[in-house]
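Engineer: Shown below is the structure under consideration.
Each reported figure results from applying straightforward, stated rules to the coordinates on display, with no laboratory input. Remember, predicted model here, so these are calculated numbers, not experimental data. When we count neighbours, we look across all protein chains shown, and the Cβ atoms used for this are built from the backbone with ideal geometry, even at glycine.
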Amino acid sequence: MIYVTLLCMSKTPIILGIDPGTQILGYAILKGGPKPALITMDVLKMTKEKDIYARLQMIHARIIELIETYQPTHFAIEAPFFGKNIQSMLKLGRAQGVAIAAAMHFKIPVTEYAPKKVKQSITGNGNADKEMIWKMLERILSIKQQPKYYDATDALGVALCHHYQIAGLILPTAKIVKGKKSSKKANSWEAFLTKNPERLKK
């Protein structure tokens, strides 16, 4: 299979990051290496489609399209979080499964990351909000324009988290003081940048 041969010959990692969802699915393509760079990020909107199985087909088709277009060497996806709504969790799990199946069809290595792991890897704070994650991504990758949906930046966060893992750049857990979380200022993205200047794209 020609595609598999190209994967083996590729020296620079190309990471496809996915933020799964049955209404809006975020995706991002990240070029790895010494200086990671964003190739593209966007979302697949399925809100107009009422049939859940049709949505799953749309997810499968888009993932295949992304793989054939960008030929990623790695596939990283955010693991479903445990919530109170069981039906929503089941739907999210199906979306994740369909996306993973598409990657496995092309024999791309698949890695799952818990939401806290992604946040910790990008910001140094496992409880960071979406705005903080975006600000870090904006600076690290020199992104000029914020996308309309955080689903896209979440997917990029997953891809960058995977880049750090395969590059061996793993952040320590956020500090806990007297059983409480450290101050907001200490965990802010500005403070993190000051302590981790190597995370900035030069």
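Engineer: Would you mind computing, in nm to one decimal, how far apart the modelled labels at Lys11 and Ile24 are, each placed 7 Å from Cα along Cα→Cβ?
Structural biologist: It works out to 4.0 nm between the two label points.
Engineer: Mind giving me the nanometre distance, one decimal, between the label points for Thr69 and Gln146, set 7 Å out from Cα along Cα→Cβ?
Structural biologist: Reported label-point gap for Thr69 and Gln146 is 2.4 nm.
Engineer: Quick one: Karplus J couplings for the range 132-137, per residue in order, coefficients 6.51, -1.76, 1.60, θ = phi - 60°, nearest Hz, x for Gly and Pro?
Structural biologist: Using θ = phi - 60°, the values come out as 5, 4, 4, 4, 5, 4 Hz.
Engineer: In square nanometres and to one decimal, what's the mean projected area of the convex hull around the Cα atoms of the range 48-101?
Structural biologist: 4.4 nm²
Engineer: Report the FRET efficiency, 1/(1 + (r/R0)^6), for His105 and Ala167, where r is their Cβ-Cβ distance and R0 is 30 Å, rounded to 0.05.
Structural biologist: Values: r = 27 Å, r/R0 = 0.89.
E between His105 and Ala167, to the nearest 0.05, is 0.65.
Engineer: Could the peptides 153-160, 34-41, 73-80 be put in order, highest first, of the mean number of other beta-carbon atoms found within 10 Å of their residues?
Structural biologist: So the peptides 153-160, 34-41, 73-80, ranked by packing, come out 153-160, 73-80, 34-41.
Engineer: Related question: Report the gain in length on full extension from Ala37 to Ala61: 0.36 nm times residue separation, minus Cα-Cα distance, nm rounded to one decimal.
Structural biologist: Details: separation 24, 0.36 × 24 = 8.64 nm, distance 2.51 nm.
Length difference between fully extended and current span is 6.1 nm.
Engineer: While we're looking at this one, here's another question. Hey, can you grab everything whose amide H is under 5 Å from the amide H of Phe106? Only 5+ residues off in sequence or another chain; H modelled, so Pro and N-termini drop out.
Structural biologist: none
Engineer: For Ile140, Ile86, what's the fewest-to-most ordering of other Cβ within 10 Å of each Cβ?
Structural biologist: Ile86, Ile140
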